[in-house]
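For reference, the structure discussed in these notes is given below.
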Amino acid sequence: MSRQVFLYDPPDRFVAGTVGLPGRRTFFLQATAAGRTTSVALEKAQVEALAERIDELLDEVVRRTGGSAPVPAVAPAELTDTAPLQTPVEEEFRVGTMALAWDGEHQRMIVEAQALVELDADTDEDLAEAEERLLQDEANGPPMLRVRITGTMARAFAKRALEVVNAGRPPCPLCSLPLDPEGHVCPRQNGYRRGA
């Protein structure tokens with residue numbers, strides 16, 4: 001079966017967002033262009049890691065080009081996007097592997113999110129070999145979302161993604177675990193219930 005690639009070059013909108021209440025949220029990457037929308041589900045930690053790596057990669061691009069690349073130091077205020085995800089949110093796949101690259105010739109960031117795939121392997125060596133084959137198989141690999149965005153759009157994406165991640169439940173001031181509205185059993189309080 002041939003790989004399905006959802007390509008947005010460039011998207012009209014590329015954002016991270018959530019569906020659900022804090023503590024029970026599902027995280028999505030969503031790309032929109034020319035009347036079509038693709039939404040892929042992923043974990044909160046993946047969204048956070050993606051945003052942090054995008055900022056790090058953009059900082060490195062600025063450093064290596066001596067500031068000549070069209071990459072702002074911070075996300076421009078005019079690109080702030082606080083709108084919810086476009087509905088209906090229909091999950092195309094759950095993300096397993098993500099990749100980032102900078103296309104210096106076209107001055108674009110490339111974000112790839114590949115579907116989660118279960119691999120059968122008996123040893124760590126077999127697993128590493130299977131993963132490498134999967135990543136190299138352009139024709140028959142799992143579904144993939146590929147987005148090409150400007151440095152400015154990438155900064156705006158990273159800023160929003162971190163805001164979405166941090167908009168969840170507040171942390172307990174003692175143990176840093178998330179507080180539910182009804183509180184939580186705090187290990188630093190020897191199991192006593194701590195209110196929000």
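What list of ³J(HN,Hα) couplings, whole Hz, do you get for the range 83-97 from phi and the Karplus terms 6.51, -1.76, 1.60, once you set θ to phi - 60° and write x for glycine and proline?
Karplus-based 3J(HN,Hα) across the range 83-97 equals 5, x, 4, 5, 9, x, 8, 10, 5, 6, 6, 9, 6, x, 10 Hz.
As a check on your grasp of the helix formula, calculate [θ] at 222 nm for the chain: sum -39500 (n - 2.57) over DSSP H runs of n ≥ 4, divide by the residue count, round to the nearest 500.
That calculation yields -8500 deg cm²/dmol at 222 nm.
State in Å² the accessible area per residue of the chain; use a 1.4 Å probe, count heavy atoms of protein chains only, and round to the nearest integer.
59 Å²
Can you list the DSSP H helices in the chain whose Cα atoms extend at least 24 Å along the helix axis and whose mean Kyte-Doolittle hydropathy is -0.5 or higher?
Those that pass (Cα extent of 24 Å or more, hydropathy at least -0.5) are 44-65.
What is the set of long-range amide H partners of ARG108 at a cut-off below 5 Å, with H atoms built 1.01 Å from backbone N?
It is ASP103, by chain and number.
In percent, how large is the relative contact order of the range 21-92, given Cα pairs closer than 8 Å and 6 or more residues apart?
In percent, rounded to a whole number, it is 32.
Express the C-alpha Rg of the range 138-192 as a ratio against the empirical globular expectation 2.2 N^0.38 Å, rounded to two decimals.
Normalised Rg, Cα atoms only: 1.91.
Computed over the Cα atoms, what is the radius of gyration of the chain divided by 2.2 N^0.38 Å, N being its residue count?
For the chain, the normalised Cα radius of gyration is 1.17.
What share of Cα pairs, in percent, lie more than 21 angstrom apart in the range 1-80?
47 percent
The values are calculated or read from the model by the stated rules, or taken from the named source; none is laboratory data. Keep in mind it's a predicted model, so treat the numbers as computed, not measured. Keep in mind that these areas ignore ligands, DNA and RNA; they rest on the heavy atoms of the full protein, side chains included. Shrake-Rupley method; radii C 1.70, N 1.55, O 1.52, S 1.80 Å.
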